[in-house]
Amino acid sequence: GSGSSIGYGRSSVNMGGKVPLGLKRKSLRVLVTGGAGFVGSHLVDRLISRGDSVIVVDNFFTGRKENVLHHFGNPRFELIRHDVVEPILLEVDQIYHLACPASPVHYKFNPVKTIKTNVVGTLNMLGLAKRVGARFLLTSTSEVYGDPLQHPQAETYWGNVNPIGVRSCYDEGKRTAETLTMDYHRGLGIEVRIARIFNTYGPRMCIDDGRVVSNFVAQALRKEPLTVYGDGKQTRSFQYVSDLVEGLMRLMEGEHVGPFNLGNPGEFTMLELAQVVQETIDPNAKIEFRPNTEDDPHKRKPDISKAKELLSWEPSVSLRNGLPLMVSDFRSRIFGDQRDGGG
Ligand code: NAD
Ligand code: UDP
Ligand code: UDP
């Protein structure tokens, strides 16, 4: 129960996330839902390396054991196969709530399940936070801005979202998750944090995830044409995963609820992205145009002034520097066996 909470619990002295000078920071018990996924597994690495005990809850819909395999055998690491749509009893100090498929291909696969994960899953994790007095961080998304009429998007913008479209299970689901988070905070005094994450890439992304960076990189490596949807003039801003993890941890440890945009403000059209991939992997890679998907946002670029000011955070890895790090991971996963065999 709440009596066993050692960290930010309502039953313990609240130090606003700060550790008094001269005292070593107490090791925390941290729950990471979706911790076997792309972002979650990188977050787990950081938490384990700073000395925390980490519980990962994941149903392996898009996550993989391989992403956290290197922690097996560590007594400070625990992996539970569990679906957040079902309640669960655990004793923790912090909850990073990431469980939810992030690629449009995956979240559209079973839209009702996506809604349940965002709404019932988030409700359960907030109920858990309430019971044990844990601090709760929601990973929301830039998709709450929909097809934005304001550019770049600041946190004050309320968004332009189609409530009955094919992306709604995800973006309306995340909007409801934000609402639940704020209502548990205002109504029940739960300590919460909200991050609105913009497109993020890096090692451990699913190779056939369907998102644009992983598609282009895998295609270029396999000598297949890069598939540009629509006219390729739509824009996105691509953040390297280590920058995101740093932002999430600063947000959790800081004093501000948010929401905070966490993204890299560098803006690229899909054609420009294809060009960077060509320069990085294969200048001869061909481009093939395909019809675009429904309700595809035309522009996206974060205004990160708020995170800069209140979290002293900003991304440090540019697309041109981050892409090669992802390419070497994809290369070894796509060609790994042959290379190992061939020496
Ligand atoms: P991911 O698909 O790699 O990871 C999601 C993880 O959640 C997977 O391990 C999956 O198995 C797990 N999961 C899904 N449904 C679950 C359920 N019902 N119960 C338990 N586990 C479940 O995606 P990611 O890119 O790592 O995204 C992590 C979080 O960040 C998501 O909440 C996503 O919405 C958010 N986000 C990511 C991006 C991005 O560009 N990567 C952008 C915006 C928001
Ligand atoms: N819940 C959970 N683990 C807990 C506490 C609660 O999974 O440790 C779930 C609980 O089953 C419920 C949801 O979280 O479905 C919301 O819990 P809360 O206590 O806020 O609401 P109530 O159970 O009173 O409806
Ligand atoms: N896209 C593309 N080729 C692909 C995959 C995606 O041109 O192989 C485009 C897609 O139409 C969108 C942008 O890339 O305009 C980003 O799509 P993604 O699925 O990565 O993420 P989103 O930001 O839409 O959630």
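The values are calculated or read from the model by the stated rules, or taken from the named source; none is laboratory data. Keep in mind that what you see is a predicted model, and the values were worked out from it rather than measured. Backbone-built Cβ (ideal geometry, glycine too); neighbour counts: all protein chains shown.
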- Does ARG236 qualify as being under 22 Å from the mean Cα position of the chain (by Cα), assigned to a strand (DSSP E or B) and at pLDDT below 95? yes
- Task: Give the residues of the range 298-314 that are buried (at least 19 other Cβ atoms within 10 Å of the Cβ) and under 19 Å from the mean Cα position of the chain (by Cα), sorted by residue number.
- Result: ARG300, LYS301, PRO302, ILE304, ALA307, LEU311, TRP313
- Task: Taking LYS223 as meeting all but one of (1) more than 26 Å from SER41 (Cα to Cα); (2) in a helix (DSSP H, G or I); (3) basic (Lys, Arg), write down the number of the exception.
- Result: (2)
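A quick yes/no check of all residues on (1) under 14 Å from TYR240 (Cα atoms); (2) touching a Leu at 6+ places or on another chain (Cβ under 8 Å); (3) polar (S, T, N, Q); (4) not in a helix (DSSP H, G or I):
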residue	(1), (2), (3), (4)
MET252	no, yes, no, no
PRO265	yes, no, no, yes
VAL277	no, yes, no, no
PHE289	no, no, no, yes
HIS298	no, no, no, yes
ALA307	no, yes, no, no
SER316	yes, no, yes, yes
GLY322	yes, no, no, no
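Scanning the range 225-267 for residues that are of a type in the set (Phe, Trp, Tyr) and buried (at least 19 other Cβ atoms within 10 Å of the Cβ), which turns out nearest to ligand 2 (Cβ to nearest atom)?
Per the stated criteria, the residue is PHE260.
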- (1) within 19 Å of MET270 (Cα to Cα); (2) out of contact with any Ser or Thr (no Cβ under 8 Å at 6 or more places or on another chain) all hold for ASP209 apart from (2)
- Is there a residue being at pLDDT 95 or above, surrounded by fewer than 23 Cβ atoms within 10 Å (Cβ to Cβ), part of a helix (DSSP H, G or I) and within 16 Å of ligand 1 (Cβ to nearest atom) anywhere in the range 150-157? no
- Scanning the range 162-175 for residues that are at pLDDT 95 or above and of a type in the set (A, V, I, L, M, F, W, C), the one farthest from VAL112 (Cα to Cα) turns out to be ILE164
- Check off (1) within 16 Å of ligand 3 (Cβ to nearest atom); (2) out of contact with any helix residue (DSSP H, G or I) (no Cβ under 9 Å at 6 or more places or on another chain); (3) of a type outside the set (Phe, Trp, Tyr) for ARG167 and give me the number that stays unchecked. (2)
- (1) assigned to a strand (DSSP E or B); (2) aliphatic (A, V, I, L, M); (3) touching an Asp or Glu at 6+ places or on another chain (Cβ under 6 Å) all hold for VAL228 apart from (3)
- Query: Which of the residues belonging to the range 79-101 are farther than 17 Å from LYS113 by Cα, within 13 Å of ligand 2 (Cβ to nearest atom) and crowded, with 18+ Cβ neighbours inside 10 Å?
  - Reply: GLU91, VAL92, ILE95
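Pick out the one residue from PRO75, PRO20 that is part of a loop (DSSP other than H, G, I, E, B), surrounded by fewer than 15 Cβ atoms within 10 Å (Cβ to Cβ) and modelled with pLDDT of 80 or more.
Sole residue among the options that is part of a loop (DSSP other than H, G, I, E, B), surrounded by fewer than 15 Cβ atoms within 10 Å (Cβ to Cβ) and modelled with pLDDT of 80 or more: PRO75.
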- Any idea which of (1) in contact (Cβ under 8 Å) with a residue 40 or more places away in the chain; (2) more than 9 Å from ligand 3 (Cβ to nearest atom); (3) of a type outside the set (A, V, I, L, M) is the one SER214 doesn't satisfy? (2)
- Looking across the range 191-220 at residues that are part of a strand (DSSP E or B) and of a type in the set (Val, Ile, Thr), the single one that is surrounded by the most Cβ atoms within 10 Å (Cβ to Cβ) is THR200
